[in-house]
Amino acid sequence: MKKALLAILSLFLFSGCSLSYQYAFMDPQLKIEEESLKKLAQRDLLFWEYYSNKDFEKSYALELPHLRFLKSLEWYKTFNEPNRKGYKITLLSIKSIDDNKAIIQNKYEDSEENSLILEDRWVLVDEEWYHYFEFSRLPTSESPF
């Protein structure tokens, strides 16, 4: 499953095609020159597209492998299920920490016009970027913003 997902993503990245997203977008003013960070931007958008749509099997595959070892897919689904669905995420910036670590700033916006800035850590493992899972910082469907 992981290899198929990575193969499809690679086809889009290297063919010049762009994926069409419903929930995740890149700030049009953001310019990324470095190839590795372009791949990271695509992984971040893909992650948030899946996560916002509650497609947790696919977002889980983009989490760091050692964190997936520590927390099962069932735990991940149960933990994240209360999150709201269908919010918009805009990638604002990427800050490279070193050759294999980066921090991405994303803006969360929901249908009630609430917004907040999220900082996500990403780690490069075997030439693939993985999201560093942290406890949910998103509003749940039952909690006020």
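Some values worked out for this structure:
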quantity: Residue among Asp99, Asp120 that alone is surrounded by 15 or more Cβ atoms within 10 Å (Cβ to Cβ) and either under 24 Å from Glu34 (Cα atoms) or over 14 Å from the mean Cα position of the chain (by Cα) (or both); calculated: Asp120
quantity: In segment 75-94, the residues that are out of contact with any Asp or Glu (no Cβ under 9 Å at 6 or more places or on another chain) and either at pLDDT 95 or above or β-branched (Val, Ile, Thr) (or both); calculated: Thr78
quantity: Subset of segment 106-117 [surrounded by fewer than 13 Cβ atoms within 10 Å (Cβ to Cβ), touching a residue at least 24 places away in the same chain (Cβ under 8 Å) and not polar (S, T, N, Q)]; calculated: Glu112, Ile117
quantity: Test: residue in segment 73-90 that is among the β-branched types (Val, Ile, Thr), within 18 Å of Asp120 (Cβ to Cβ) and touching a strand residue (DSSP E or B) at 6+ places or on another chain (Cβ under 6 Å); calculated: yes
quantity: Failed item in (1) modelled with pLDDT of 95 or more; (2) not in a helix (DSSP H, G or I), with Tyr108 passing the rest; calculated: (1)
quantity: Test: Tyr130 is surrounded by 19 or more Cβ atoms within 10 Å (Cβ to Cβ), at pLDDT below 95 and either over 14 Å from the mean Cα position of the chain (by Cα) or farther than 16 Å from Leu30 by Cβ (or both); calculated: no
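The values are calculated or read from the model by the stated rules, or taken from the named source; none is laboratory data. This structure is a prediction, so every number in the text was calculated from the model and none was measured. Heads up, the Cβs are rebuilt from the backbone with ideal geometry, glycines too, and the neighbour counts pull from every protein chain shown.
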